[in-house]
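S.K.: The structure's right below; bear with me while I get my questions together.
Values in this text are rule-based calculations from the coordinates and carry no lab data. Source: prediction; values computed, not measured. Backbone-built Cβ (ideal geometry, glycine too); neighbour counts: all protein chains shown.
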Amino acid sequence: MPTADLTLPELVAWGERFGASLEAPALVTLAGDLGAGKTTLVQAICRGRGVTEPVTSPTFALVHQYAAPAAPVYHLDLYRLKGPHELANIGWDDVLSARAVVCVEWPDRAGDTLPAPAAAIELSHIPEAPDRRRLRW
Ligand SMILES: Nc1ncnc2c1ncn2[C@@H]1O[C@H](COP(=O)(O)OP(=O)(O)O)[C@@H](O)[C@H]1O
Ligand SMILES: [Mg+2]
């Protein structure tokens, strides 16, 4: 797995390039602790896709959808999911079958209902470098 320890502007630049390179349909999972930078990276991916509206954390809605020139972007945060059975309520099957870029924070909450992603990203804190995050993909 490629690994890089990135500052905030470096992570944002990486995410914008990565987002621009994706071809829909594409599922991208983002694993990592609270504050590891998952939402920050999704915001950068959205910018790279050409999303112009503000991208906010879907912690309570679980899913947000953004229009973009090539294909819509879905942003899911499954942190508060009580179990895979709740996925039906958020239109999970429609999201996964859409020709879209689908970014999922806390993918482990979906259990085995998640297909193999195009990219499985892991972010983590670096104790000795609080201004950087370790990115694996
Ligand atoms: N190198 C970095 N990469 C990403 N975020 C960083 C970095 N350094 C500091 N931060 C800060 O860490 C926080 C990450 O929050 P967020 O993206 O919401 O994380 P998560 O969605 O994983 O809980 C933001 O406040 C961001 O500004
Ligand atoms: Mg988040």
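S.K.: For the pair Ala120 and Ser97, what calculated FRET efficiency results from E = 1/(1 + (r/R0)^6), where r is the Cβ-Cβ distance and R0 = 22 Å, to the nearest 0.05? Each step should come with its number before you reach the end.
M.R.: Values: r = 20 Å, r/R0 = 0.90.
FRET efficiency, Ser97 to Ala120: 0.65.
S.K.: While we're here: Assuming a viscosity of 1.002 mPa s and a temperature of 20 °C, what translational diffusion coefficient in µm² per second does Stokes-Einstein assign to the chain, Rh being the Kirkwood radius over Cα pairs?
M.R.: Details: Rh = 14.9 Å.
Result for D is 144 µm²/s.
S.K.: Return, ordered by residue number, the residues of segment 14-34 whose backbone nitrogen is under 18 Å from a label point located 7 Å along Cα→Cβ of Asp5.
M.R.: Output list for this probe position: 33.
S.K.: So, one more: Considering only DSSP beta bridges where both residues belong to segment 1-108, give the percentage that are antiparallel (nearest 5). All intermediate terms of the calculation are to be shown ahead of the outcome.
M.R.: Values: 4 of 14 bridges.
Percent antiparallel among DSSP bridges in segment 1-108 is about 30.
S.K.: A further question on this structure: Quick check: pseudo-label points 7 Å beyond the Cα along Cα→Cβ at Phe60 and Leu34, how many nm apart are they?
M.R.: 1.6 nm
S.K.: Taking H as built 1.01 Å from N, whose amide H comes closer than 5 Å to the amide H of Leu27, not counting residues under 5 places away?
M.R.: Val102, Ala118, Ala119
S.K.: Helix-only mean residue ellipticity at 222 nm, the chain, DSSP H runs n ≥ 4 weighted -39,500 (n - 2.57), per residue, nearest 500. What is it? Let's see the in-between values first.
M.R.: Details: 3 runs with 32 residues, N = 137.
Helix-only estimate at 222 nm: -7000 deg cm²/dmol.
S.K.: Just to be sure I understand: with springs between alpha-carbon atoms less than 10 Å apart, which residue in Ala120, Ala61, Ala20 has the highest mean-square fluctuation in the Gaussian network model of the chain?
M.R.: The residue that fluctuates most here is Ala61.
S.K.: Now, a different point. Can you list which of the GluC sites (Glu not before Pro) found in segment 48-137 are DSSP loop residues with at most 13 other C-beta atoms within 10 Å?
M.R.: Of the GluC sites (Glu not before Pro), the ones in loops of segment 48-137 whose Cβ has at most 13 other Cβ atoms within 10 Å are Glu128.
S.K.: Then there is this: Please list 3J(HN,Hα) in residue order for segment 82-98, calculated via the Karplus relation 6.51 cos²θ - 1.76 cosθ + 1.60 where θ = phi - 60°; whole Hz, with x for glycine and proline.
M.R.: So the J values, rounded to whole Hz, are 7, x, x, 4, 6, 4, 4, 5, 9, x, 3, 5, 5, 4, 6, 9, 6.
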